[in-house]
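Inspection log for the structure reproduced underneath, given as structure tokens.
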Protein chains: 2
Amino acid sequence: MGDNLLIVHGGGPTAVINASLYGVMREALKHPELSHIYGARNGTGGLLKEDFIELKDVPEEKLELLLQTPGSAIGTSRDALEQEEYDRMTEILEKHQIRYVLLNGGNGTMDTCGKLSKACQAKGLDVCVMGIPKTMDNDLAITDHSPGFGSAARFIAQSVKEVCVDVKGLPIHVVVVEASGRNAGWITAASALAADEDGIGPDLIYLPERPFDEDKFIEDVKKLLKKKSGIVVVASEGLTDKDGKPIVKPIFKTERATYFGDVSSHLANLVVDRLGYKARGEKPGLIGRASISLQSSVDREEAVLAGETACKAVLAGETGKMVGFKRESTDPYRIIPILIDIDEVMMYEKTMPDEYINEEGNGVTESFKEWCRPLIGGGLPKMISLND
Amino acid sequence: MGDNLLIVHGGGPTAVINASLYGVMREALKHPELSHIYGARNGTGGLLKEDFIELKDVPEEKLELLLQTPGSAIGTSRDALEQEEYDRMTEILEKHQIRYVLLNGGNGTMDTCGKLSKACQAKGLDVCVMGIPKTMDNDLAITDHSPGFGSAARFIAQSVKEVCVDVKGLPIHVVVVEASGRNAGWITAASALAADEDGIGPDLIYLPERPFDEDKFIEDVKKLLKKKSGIVVVASEGLTDKDGKPIVKPIFKTERATYFGDVSSHLANLVVDRLGYKARGEKPGLIGRASISLQSSVDREEAVLAGETACKAVLAGETGKMVGFKRESTDPYRIIPILIDIDEVMMYEKTMPDEYINEEGNGVTESFKEWCRPLIGGGLPKMISLND
């Protein structure tokens, strides 16, 4: 077999998935033995169609732009694959003399990574397959955290801070901001860092790790309205009730997922209906994973590192693993890249542990904030109130 | 009467309302004859309660933070005032020896400005009252544009660009981003600047100046889906049908306003229902007027200028006017501050003229983009696709 490398993106993009691609390229370009550096166009679908983008000839100044480009610069997909498709992939890899495969994605993609590496082994192919972690939701197992999360965390922390400052000067007003992360509350929780500089942060935080009780929510808001006029609530898009049912109705279903109504609107309307106060819901949605102005510098650098590490690892003969981060110290913040057996990661969703959630289930703990703080890449801008 | 100055904020804040306050302070502090520089706490309500914040003693380094603080640092309100309240205000101004009043706000506030200046004249009070323009929606008359708009325009242009780049690499996907501006489409229209650098911008733009036809919308989307997989639609929060009725149901009403459901969710659901494609709605809402990372530098500087100009004007004896901008040139961009008779401004909402809207009613014209471009404070970051 020859020496070609293929990179495949899977699942929803983040603000730094292309930074990992940049890291892969930076390392790969040091190896003239790689005849081709391919990107699969639009994810595994592109691999199955043998639709490859030659990345080796992309000029340096264009590659640099990957660091400030959201989305997936080579496209992505979210396909559930059958065993025969894995078999087909091995044939394609052999045909195109692809010896190194890097799969950049979240839980679904790591499942693909494990299955593809096993399919190659079963066929006796000398192909190294490696996962690059990527998830704004931060729900990949074992690794301290995943690229994509730090930027999503910075976005929600700063945006919620700005909303808090905005409503602080308004007449009574309840604002519910909806945060991404259907099953894992990491992003929602990161909004707590809004208060770091000057104490101005969200009043209530509801995570999908705790059953949501609408009566308790209304009580929480009522209690706060006795003390202040502008209340900011951050709620996960995936809140469920005590029976595990989403608090909003499903709107439509596809093979892989069900789509629900907006939690933010639902909770805002609840406040209006039950308390008679002005309330509005905000849902930044995709903007929260695509914002370049609020990209975390730490996240970007770590994404590059993850890509580089994965590339080095396959070239050194490693396979069936995912790059992860081990935190060596929080203050000063220091991580090292590690390789994690893909079986330990595959299809396991990491949610927030109990010690990161407050007792009332409407906020986070100091230990969560300590853990999360270094990931957002520096403090948020200082703001001022003359109205205290 | 003594020589005190009062500044009052009205209506919803913008990303630069505090920059105008900074401009007022910078000028006012040059005048030792001003014994007090007051801020009315929480708008006209604070004035009526004689609840004043002394701004003269705020240290310089704190004042600087006003330039990067969204919301209203002295609070704001949105009260409909009666004639007896204007009479009461004149008494309070007299009692506190306030000779200069600056009202920073939008249409409602300019109405207050006019009425207060007339009430002072009727009483023979030597009080100068001046309006400082402030509206993210850009719907104040006569002035070329208003502080607050440029930053809202930059936010929507860059955020929509990021969403476009994000969905470009995804399987078929329709995203509807909801933009602020219930009756005036200026912000919605500004999303067109997303495409400036590299042609990646929104596919369809629906403004409140045109009746919205759901069948036509579905046809527009269907036509585009034949050519590309990721469609981004920007829709005003205030879209109405051919009979002038909002396309979404009202959720609740207050004395001054009616609150409607989310246009973005409504249109996304329409795509799912009628076309069977994946679609999602995004509503950045307040984030769009509070974002400091996407504040326009031009907007910030002009907001400072508007505050300074208003302060100079009242000190020179001008009254019953609003500061505005006259555009002297678009390329190179150059404006000068002017004073506009408040009667010309009061309660008149400026919407988009026909020449800024395309014939089909689903986009904007080049002349709009030319007009808008200098206001967002420089080009958006370059991004790259390797997937064309």
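Yes/no per residue for (1) hydrophobic (A, V, I, L, M, F, W, C); (2) open to solvent by less than 10 Å² (accessible area, probe 1.4 Å); (3) modelled with pLDDT under 95; (4) closer than 20 Å to A:N18 by Cβ:
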{"site": "A:A306", "(1), (2), (3), (4)": "yes, yes, no, yes"}
{"site": "A:C311", "(1), (2), (3), (4)": "yes, yes, no, yes"}
{"site": "A:F325", "(1), (2), (3), (4)": "yes, yes, no, yes"}
{"site": "A:R334", "(1), (2), (3), (4)": "no, no, no, no"}
{"site": "A:Y348", "(1), (2), (3), (4)": "no, no, yes, no"}
task: Report yes if some residue within segment A:150-169 is at negative phi and not in a helix (DSSP H, G or I); otherwise report no.
output: yes
*Verdict on B:A73 being of a type outside the set (D, E, K, R), under 14 Å from B:G307 (Cβ atoms) and within 11 Å of another protein chain (Cβ to nearest Cβ)*: yes
Those residues of segment B:279-297 which are at pLDDT below 95 and more than 7 Å from every other protein chain (Cβ to nearest Cβ) amount to B:A279, B:G281
Of the residues in segment B:1-16, those that are small (G, A, S) and either at the interface with chain A (Cβ under 9 Å from one of its Cβ atoms) or in a helix (DSSP H, G or I) (or both) come to B:G12, B:A15
Within segment B:168-180, restricting to residues that are crowded, with 24+ Cβ neighbours inside 10 Å and facing another protein chain (nearest Cβ under 7 Å), the one that is modelled with the highest pLDDT is B:V175
Subset of segment A:17-54, residues in a loop (DSSP other than H, G, I, E, B) and either of a type in the set (D, E, K, R) or within 11 Å of chain B (Cβ to nearest Cβ) (or both), comes to A:K30, A:E33, A:R41, A:N42, A:G43, A:K49, A:E50, A:D51
Task: Filter pass, A:I336 being away from every other protein chain (no Cβ under 14 Å), out of contact with any Gly (no Cβ under 6 Å at 6 or more places or on another chain) and without any contact (Cβ under 8 Å) to a residue 24 or more places away in the chain - done: yes
Does A:A194 count as modelled with pLDDT of 95 or more and in a helix (DSSP H, G or I)? yes
Restricted to segment A:365-380 and to residues being surrounded by 14 or more Cβ atoms within 10 Å (Cβ to Cβ) and more than 19 Å from the chain's Cα centre (by Cα), the residue farthest from A:D111 (Cα to Cα) is A:L380
Note on A:T90: of the conditions (1) assigned to a helix (DSSP H, G or I); (2) under 27 Å from the mean Cα position of the chain (by Cα); (3) without any contact (Cβ under 8 Å) to a residue 60 or more places away in the chain, unmet is (2)
Screening B:G43, B:G105 for residues that are open to solvent by less than 50 Å² (accessible area, probe 1.4 Å) and in contact (Cβ under 8 Å) with a residue 40 or more places away in the chain leaves only B:G105
Exception for B:L116 within (1) part of a helix (DSSP H, G or I); (2) within 30 Å of B:I292 (Cα to Cα); (3) over 22 Å from the mean Cα position of the chain (by Cα) falls at (2)
Log entry, pairs with first residue in segment B:55-68 being more than 8 Å from chain A (Cβ to nearest Cβ), second being among the basic types (K, R), beta carbons closer than 7 Å, six or more apart or on different chains, reads B:L67/B:R300
Filter segment A:142-164 for residues that are open to solvent by less than 10 Å² (accessible area, probe 1.4 Å) and β-branched (V, I, T); the one that is farthest from the other protein chains (Cβ to nearest Cβ) is A:T143
Filter segment A:68-87 for residues that are part of a helix (DSSP H, G or I) and under 29 Å from the mean Cα position of the chain (by Cα); the one that is surrounded by the most Cβ atoms within 10 Å (Cβ to Cβ) is A:Y86
Taking first residues from segment B:257-269 that are within 8 Å of chain A (Cβ to nearest Cβ) and second residues anywhere that are open to solvent by 30 Å² or more (accessible area, probe 1.4 Å) and among the charged types (D, E, K, R), the pairs with Cβ under 6 Å that are 6 or more apart or on different chains are B:G261/B:K249
Result of the Cβ filter at 7 Å on segment B:363-386, keeping first residues that are within 14 Å of chain A (Cβ to nearest Cβ) and partners that are acidic (D, E), at least 6 apart or interchain, is B:G377/B:D299; B:G379/B:D196; B:G379/B:E197; B:L380/B:D196; B:L380/B:E197; B:K382/B:E197; B:K382/B:D198; B:M383/B:D198
Notebook entry, point to check: Any residue in segment B:222-241 that is modelled with pLDDT under 95, part of a helix (DSSP H, G or I) and open to solvent by 10 Å² or more (accessible area, probe 1.4 Å)?
Noted result: yes
message = open to solvent by 10 Å² or more (accessible area, probe 1.4 Å) and part of a helix (DSSP H, G or I): is that true of B:E61 in this structure?
response = yes
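The values are calculated or read from the model by the stated rules, or taken from the named source; none is laboratory data. Source: prediction; values computed, not measured. All Cβ positions, glycine included, derive from the backbone under ideal geometry; neighbour counts span all protein chains shown. Protein only, heavy atoms only, side chains kept; ligands, DNA and RNA dropped before computing areas. Shrake-Rupley method; radii C 1.70, N 1.55, O 1.52, S 1.80 Å.
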